[in-house]
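Notes to accompany the following structure.
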Amino acid sequence: MKDTTLPLKKSIKKNGGVKEGFGLKDWQCLLKSSRDLAQRKGAPIREMTMKEVNKHNKVFDGWMALNEKVYNIAPYLAYHPGGSGIMKPYLGRDGSAIFSKHHPWVNIEELIGPLLIGYLKGSKSLKDSEERVRERDT
């Protein structure tokens with residue numbers, strides 16, 4: 001099975017909204033059917049610096065830090081209801097403040113959790129994750 005960010009249906013813009021085949025249900029279907037949407041290729045989720053995140057600032061290679069976690073957001077861009085253009089300025093950056101301002105009700109883990117590729121160096125999220133692993137292993 002090949003993972004892809006392309007929709008299952010034809011991409012036809014309808015009434016200025018989200019393109020057909022790029023809606024929330026299409027995204028959820030893609031999340032369920034893909035094995036490596038984050039494109040980690042078997043690499044572990046790891047600690048990374050903002051300097052490293054900054055290098056991934058293109059639509060085809062876009063990372064974003066959200067609440068101390070780093071996501072390969074590129075596969076989601078076409079599915080964002082506001083369009084990919086609205087997210088372009090935040091590729092390779094920390095989008096936490098703007099995300100919280102415009103989407104305080106959205107559960108990031110449910111929406112893009114499978115796109116997680118790492119934690120920002122020294123983040124509380126990384127420490128909590130490491131602690132859960134230690135507890136699980138004892």
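The values are calculated or read from the model by the stated rules, or taken from the named source; none is laboratory data. On a predicted model such as this, the values are computed, not experimentally measured, just so you know. Every residue, glycine as well, gets a Cβ built from its backbone with ideal geometry; the counts of neighbours run over all protein chains shown. Remember, those area values only see protein heavy atoms, side chains included, never the ligands or the DNA or RNA. Shrake-Rupley method; radii C 1.70, N 1.55, O 1.52, S 1.80 Å.
Among the residues of the range 70-82, which ones are open to solvent by less than 60 Å² (accessible area, probe 1.4 Å) and either touching a residue at least 40 places away in the same chain (Cβ under 8 Å) or farther than 25 Å from Arg35 by Cα (or both)?
Correct list: Val70, Tyr71, Asn72, Ile73, Ala74, Pro75, Tyr76, Ala78, Tyr79, Gly82.
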Spot the failing condition for Met64; the list is (1) at positive phi; (2) in contact (Cβ under 8 Å) with a residue 12 or more places away in the chain, and only one is missed. (1)
Show the residue pairs that are 6+ apart or on different chains and have beta-carbon atoms under 6 Å apart, the first residue being within the range 13-29 and at pLDDT below 65, the second being open to solvent by 30 Å² or more (accessible area, probe 1.4 Å) and part of a loop (DSSP other than H, G, I, E, B). Lys13/Lys19; Lys14/Glu20
So which residues in the range 61-97 are assigned to a loop (DSSP other than H, G, I, E, B) and either more than 26 Å from Lys19 (Cα to Cα) or modelled with pLDDT under 95 (or both)? Asn67, Glu68, His80, Pro81, Gly82, Gly83, Met87
Scanning the range 83-117 residue by residue, those open to solvent by less than 50 Å² (accessible area, probe 1.4 Å) and farther than 20 Å from Met48 by Cβ turn out to be Gly83, Ser84, Gly85, Val106, Leu111
Pick from Glu52, Glu109: which is within 20 Å of Lys124 (Cα to Cα), without any contact (Cβ under 8 Å) to a residue 24 or more places away in the chain, part of a helix (DSSP H, G or I) and touching a Gly at 6+ places or on another chain (Cβ under 9 Å)? Glu52
